[in-house]
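The values are calculated or read from the model by the stated rules, or taken from the named source; none is laboratory data. Predicted, not measured: the structure shown is a model, and the values here were computed from it. Glycine also receives a Cβ, built like all others from the backbone with ideal geometry; neighbour counts cover every protein chain displayed.
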Amino acid sequence: MTRRFLFVLGSSRPDGNTELLARRAAEQLPEDVEQRWISLADHPLPDFVDRRRDADHVRAPSDTNTGLLLDATLAATDIVIVSPVYWYSVSGLTKRYLDYWSGWLRTPGLDFKANLAGRTLWGVAVLADHEPSVADPYAGLLHNSAAYMGMRFGGVLLGNGSARGDVLKDTEALARAKEFFAGEAPLARFSAGEAAPAVTP
């Protein structure tokens with residue numbers, strides 16, 4: 001099966017540190033691996049409305065931002081959340097995209113959870129802090145989302161930076177980027193009493 005990577009860009013600005021790090025990692029993918037990059041800032045989603053008790057769950061048309069992201073998500077074998085660490089977790093744009101997963105779970109005919117089961121969720125993040133544990137809630141959010149969906153979890157590639165382009169000075173993060181997408185990610189599982197997984201060292 002041909003691998004198809006969807007890179008979901010959650011920063012409010014283009015070419016930020018997190019995107020730069022993700023593109024360095026993506027450069028290592030084989031040429032036959034499809035890549036699709038979608039900026040949530042360029043394709044904003046409406047405020048998510050929880051309709052779990054309503055009966056009007058309708059699949060969004062493909063010519064809308066919601067339909068575009070839904071179709072791209074379903075088509076991907078690997079989904080990469082590319083979001084800076086904001087207040088210890090993902091950006092607001094990214095959280096809204098993940099909120100939409102809740103609605104897609106209840107959309108008739110999608111079988112959203114079954115379709116994503118076995119696929120792989122990854123994270124790429126840059127934070128302006130030298131303490132990696134600050135990003136534990138970020139990694140935990142993605143790991144638990146993958147576990148709930150029956151997905152594999154590839155971990156989080158973490159870099160450091162504040163000013164534009166700072167991450168390109170983070171030689172350790174750039175070295176990790178070369179190997180980040182190599183190998184097969186394990187199936188994510190909930191474990192009673194276990195803390196959120198550590199960010200990729």
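When we screen 63, 47, 78 for residues that are surrounded by 13 or more Cβ atoms within 10 Å (Cβ to Cβ) and acidic (Asp, Glu), the only hit is 78.
A single member of 120, 200 is at pLDDT 95 or above, within 17 Å of the chain's Cα centre (by Cα) and among the hydroxyl-bearing types (Ser, Thr, Tyr), and it is 120.
If you check 125, 188, which single one turns out to be buried (at least 19 other Cβ atoms within 10 Å of the Cβ) and closer than 15 Å to residue 89 by Cβ? Step by step, each of 125, 188 is checked, and only 125 is buried (at least 19 other Cβ atoms within 10 Å of the Cβ) and closer than 15 Å to residue 89 by Cβ.
Of the numbered criteria (1) buried (at least 19 other Cβ atoms within 10 Å of the Cβ); (2) assigned to a helix (DSSP H, G or I); (3) not hydrophobic (A, V, I, L, M, F, W, C), the one residue 71 fails is (1).
If I filter segment 106-114 for residues that are under 25 Å from residue 16 (Cβ atoms) and touching a Lys or Arg at 6+ places or on another chain (Cβ under 9 Å), do I get at least one hit?
Initial filter on segment 106-114 (under 25 Å from residue 16 (Cβ atoms)): none.
Looking for residues that are under 25 Å from residue 16 (Cβ atoms) and touching a Lys or Arg at 6+ places or on another chain (Cβ under 9 Å), one finds none in segment 106-114, hence no.
Does residue 29 qualify as being in a helix (DSSP H, G or I) and either at pLDDT below 95 or not basic (Lys, Arg) (or both)? It is false that residue 29 is in a helix (DSSP H, G or I) and either at pLDDT below 95 or not basic (Lys, Arg) (or both). Within segment 1-26, restricting attention to residues that are assigned to a strand (DSSP E or B) and aliphatic (A, V, I, L, M), the residue that is surrounded by the fewest Cβ atoms within 10 Å (Cβ to Cβ) is 6. For the subset of segment 123-144 comprising residues that are closer than 18 Å to residue 171 by Cβ and hydrophobic (A, V, I, L, M, F, W, C), which member is farthest from the chain's Cα centre (by Cα)? Filtering segment 123-144 for residues that are closer than 18 Å to residue 171 by Cβ and hydrophobic (A, V, I, L, M, F, W, C), the one farthest from the chain's Cα centre (by Cα) comes out as 128.
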